[in-house]
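The structure appears right after this line, and notes come after that.
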2 protein chains.
Amino acid sequence: MNNSLPTSAKPVGPAGTASSRVFDHLRKDLVGGRFVAGEKLAINALKDRYQVGLSPLREALNKLAAYGLLVQENQRGFRVPKLSRDELDDIAQMRLEMEGMALERAIANGDSLWEADLLAAAHRLKRADITLDKGEEWEHLHTQFHRTLVAPCGSVWLLRFIEQLHDQFDRYRRLGPKMPTIRQELDEQHHQLVELALQRDAKTARELMDDHIHKSYEVALKRYQEHV
Amino acid sequence: MNNSLPTSAKPVGPAGTASSRVFDHLRKDLVGGRFVAGEKLAINALKDRYQVGLSPLREALNKLAAYGLLVQENQRGFRVPKLSRDELDDIAQMRLEMEGMALERAIANGDSLWEADLLAAAHRLKRADITLDKGEEWEHLHTQFHRTLVAPCGSVWLLRFIEQLHDQFDRYRRLGPKMPTIRQELDEQHHQLVELALQRDAKTARELMDDHIHKSYEVALKRYQEHV
DNA sequence: GTAGGTTAAAAAATCGATTATCTTGTCTAA
DNA sequence: TTAGACAAGATAATCGATTTTTTAACCTAC
């Protein structure tokens, strides 16, 4: 496996290294908005919070900085990147381009195993929806669904970039509390996307994906504006 | 400066941290093919080679892994990613998409300062060409030229991805010795690209950029095939 | 009052040593 | 002969302490 994502590919259980565990944990917390944007990280506090020594912690922070979830300034530690309207626009725009491209390719390449995976992922997501479990578990399944959707696009690097953009986008989307009305609409689209994928209707699928990202963008933008 | 590249934005002189210095150095060496693909890195050897302690070295290695120039396997250190035809194709394809997009946007946005920078970058590159300095200095100016070309595209993330793809691409392109014949042709194109950029002919510029990447791809592929 | 300089405290970066894990070679039993 | 168990050496990961740099508070001179 040549180009595994910076994330530990296999979910690191209690067995992984301290460094990889704190990386995963910090990544989740950063994406989930548990740190305030622009905040300077107090390494000693993190050490306590994540129950880990300095060396593995610093290695995780270095990885997150290279990944784009932290900013590193020489000799003055790490901080959480600021949020900005411009950047949100940039991220959304890039998602449009890249996920659109990936979806078209995935529809061209995906086999029947993919179809099954896709149905399963959509089902699990709806399941978590009904259970009203809109917490960390839902987020994970949601990520997983979008990942599955574009998985057979054939480009390792495209997938990698999309993953990175999702993390960045979610920093905005997850700023505020849930919005059930729009959420409903977005959930609808997940199933429609599966439909169109199974029908191999790449053109319509891409249009729907564009719309999906656009709606998500509006949610994220509203949250950002309320948050400032 | 929110989204600085993983690289130390300001060229880290002798003043930067040990970690950032060894990061820059290792990055150059990895891109320049001073390690053999697939090789496992012996950390203690690197410690001597780069004259740094274990901690800053490991932090640099972690960053490089997140950046994609190394592969990290839990509990078994770091290795140089393997090369493969499939990956080269992927990288080239992605370069086509992303640099094409970036160039069109840059031509739409770039101001007269950009025009000046572009002319300057092209001039410096040609200069280094004539001086027959086809070493590390030429490589740097070449990178700088392509960076300048797309700089005003308006997307921080697009620039970031392009930079990453260039590094990956160069791992293939720089496998073997120089090829003066094709090199000449590619150098020509640099100047033509400037021409078209100044004329704001986005369409033709993109076509030329496609051709430029395609030719570079052929060089890289040949090198890769000879290298195996 | 404010710019510039000094210093004590805080934080970041690094070092040297320790611990945990993997690797390799050897041996044993089927 | 070979799969598996084991031990010794090598390597990776982590810890605790030290060094370096930044930050903040205070002082002084204009």
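Quick notes on this one:
- Within the range A:147-166, tally of residues that are surrounded by fewer than 20 Cβ atoms within 10 Å (Cβ to Cβ) and under 21 Å from A:ASP90 (Cα atoms): 4
- Filtering the range A:58-112 to residues that are closer than 22 Å to B:LEU64 by Cβ, acidic (Asp, Glu) and assigned to a loop (DSSP other than H, G, I, E, B) leaves only A:GLU73.
- Filter result (away from DNA strand D (no atom under 15 Å from the Cβ) and either at pLDDT below 95 or within 13 Å of chain A (Cβ to nearest Cβ) (or both)) within the range B:34-49: B:ALA37
- For the range B:146-200, a residue qualifies if it is at pLDDT 95 or above and among the charged types (D, E, K, R), and the qualifying residues are B:ARG147, B:ARG160, B:GLU163, B:ASP167, B:ASP170, B:ARG171, B:ARG173, B:ARG174, B:GLU195, B:ARG200.
- All positions within the range B:50-72 that are away from DNA strand D (no atom under 13 Å from the Cβ) and either touching a Pro at 6+ places or on another chain (Cβ under 6 Å) or within 7 Å of chain A (Cβ to nearest Cβ) (or both): B:LYS63, B:ALA66, B:TYR67, B:GLY68
- Residue in the range B:89-106 that is more than 24 Å from A:GLY154 (Cβ to Cβ) and either within 15 Å of DNA strand D (Cβ to nearest atom) or exposed (fewer than 14 other Cβ atoms within 10 Å of the Cβ) (or both) present: no
- Residues satisfying the stated conditions in the range B:139-180, i.e. more than 10 Å from chain A (Cβ to nearest Cβ) and not in a helix (DSSP H, G or I): B:ARG174, B:LEU175, B:GLY176, B:PRO177, B:LYS178, B:MET179
- Taking first residues from the range A:116-137 that are of a type in the set (S, T, N, Q) and partners that are surrounded by 12 or more Cβ atoms within 10 Å (Cβ to Cβ) and part of a helix (DSSP H, G or I), the Cβ contacts under 9 Å between residues at least 6 apart in sequence or on separate chains come to A:THR131/A:GLU137; A:THR131/A:TRP138.
- Candidates are the residues of the range B:21-49 that are part of a helix (DSSP H, G or I), more than 13 Å from B:LEU70 (Cβ to Cβ) and more than 10 Å from DNA strand C (Cβ to nearest atom); the one that is nearest to the chain's Cα centre (by Cα) is B:LYS28.
- Output for the range A:92-133, where each listed residue is acidic (Asp, Glu), at pLDDT 95 or above and within 21 Å of A:SER216 (Cβ to Cβ): A:GLU97, A:GLU99, A:GLU104
- Residue pairs whose Cβ atoms lie under 8 Å apart, sitting 6 or more positions apart in sequence or on different chains, and linking a residue in the range B:31-58 that is on the phi > 0 side of the Ramachandran plot to a partner that is assigned to a helix (DSSP H, G or I) and buried (at least 17 other Cβ atoms within 10 Å of the Cβ), are B:GLY33/B:ARG171.
- Matching option when the condition is among the hydrophobic types (A, V, I, L, M, F, W, C) and under 22 Å from A:LEU61 (Cβ atoms), among B:ALA102, B:ALA116, B:ALA66, B:ALA108: B:ALA66
- Being more than 16 Å from DNA strand C (Cβ to nearest atom) and surrounded by 14 or more Cβ atoms within 10 Å (Cβ to Cβ) holds for only one residue in B:LEU64, B:LEU113, B:LEU83, and it is B:LEU83.
- If you go through the range A:154-195 and keep only what is without any contact (Cβ under 8 Å) to a residue 40 or more places away in the chain and more than 16 Å from A:SER216 (Cα to Cα), you end up with just A:GLU195.
- Where a residue in the range A:73-98 is facing chain B (nearest Cβ under 7 Å) and more than 15 Å from B:ARG160 (Cα to Cα) and its partner, wherever it lies, is small (Gly, Ala, Ser) and assigned to a helix (DSSP H, G or I), with Cβ under 9 Å and at least six apart: A:ASN74/B:SER19; A:ASN74/B:SER20
The values are calculated or read from the model by the stated rules, or taken from the named source; none is laboratory data. Given the structure is predicted, the values throughout are model-derived calculations rather than measurements. Backbone-built Cβ (ideal geometry, glycine too); neighbour counts: all protein chains shown.
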